[in-house]
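First comes the structure, then the notes that go with it.
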Amino acid sequence: MKAILSADKNWGIGCQNKLLISIPSDMKFFRETTAGHTVIMGRKTLESLPGGQPLKNRRNIVLTRNPEYQVRGAEVVHSLEELLELLGEAEGEEAYVIGGGAVYEELLPYCDTVYVTKIDFAYQADTFFPNLDERQDWKLAQESEEQTCFDIEFTFRRYERV
């Protein structure tokens, strides 16, 4: 399993169920990386997507504690065990965790790679991703050249589990 996200300099990833900022090249990287694969998200993340609809050209899995929750075009699971069982049925298929905060936290131990668009600015955030730079079990494996979009500086990073 892999995770993919954008984070500010304090590892903030969202505020009030919205991304901190939308960077076109980050969105393109997300689309290209996850297209044709499985994406795993929480209910709030799904509801924050355009029209509250699952992402096209991907297998969408929603992890929620709500036993009544259903959404057309997505598979819904209610526990980590149910998710892992569902993923096990499609062995070898790449799966990307795409948020939100609680889902990242729960699934990070099962991830071997994390793609982070690291933004060199601190936004007001209420949701955070663990700081992988401070963790012994993760290493920065690759980092792009610094890029700029509307005066926002950022890099694309890939972290790997040690």
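The length gained on full extension between residue 69 and residue 120, counted as 0.36 nm times the residue separation minus their Cα-Cα distance, comes to 14.6 nm. Considering the stretch 116-162, its Cα convex hull presents a mean projected area of 3.8 nm².
In straight-distance terms, cross-link reach from residue 2 covers every one of the lysines whose alpha-carbon lies under 16 Å from its own, apart from those fewer than eight places away in the same chain; here that gives 139.
Secondary structure note: in the stretch 1-157, about 40% of the DSSP beta bridges are antiparallel.
Between 0 and 90 degrees, the angle of helix 24-34 with respect to the longest Cα principal axis of the chain falls at about 40 degrees.
Its Cα centre serving as origin, the chain has a Cβ charge dipole (Lys and Arg +1, Asp and Glu -1) of approximately 440 debye.
For residue 56, the aspartates and glutamates whose Cα falls under 20 Å of its own Cα, not counting residues fewer than eight places away in the same chain, are 26, 32, 47, 75, 93, 94. Charge tally around residue 103: other residues with Cβ under 12 Å, Lys/Arg +1 each, Asp/Glu -1 each, net +1.
Per residue, the Cα convex hull of the chain amounts to 116 Å³.
Loop only by DSSP, 13 or fewer other Cβ within 10 Å of the Cβ. Give me the trypsin sites (Lys or Arg not before Pro) in the stretch 1-103 that pass, ordered by residue number. Loop-located and lightly packed - 9, 56, 65, 72.
Here the accessible area of the chain is 46 percent carbon and sulfur, with a 1.4 angstrom probe and all protein chains present. Between residue 76 and 62, the built amide H atoms are under 5 Å apart, and every one of these is 5 or more places off in sequence or on another chain. Estimate the FRET efficiency between residue 86 and residue 158 by the formula 1/(1 + (r/R0)^6), using the beta-carbon distance for r and 22 Å for R0, to the nearest 0.05. Calculated value: 0.25.
The values are calculated or read from the model by the stated rules, or taken from the named source; none is laboratory data. Fair warning: this is a prediction, and the values are worked out from it, not measured in the lab. Methodologically, a virtual Cβ is constructed for each residue, glycine included, from the backbone with ideal geometry; neighbour enumeration extends over all protein chains shown. Just so you know, the surface numbers come from the protein's heavy atoms only, side chains and all, with ligands and any DNA or RNA stripped out. Shrake-Rupley method; radii C 1.70, N 1.55, O 1.52, S 1.80 Å.
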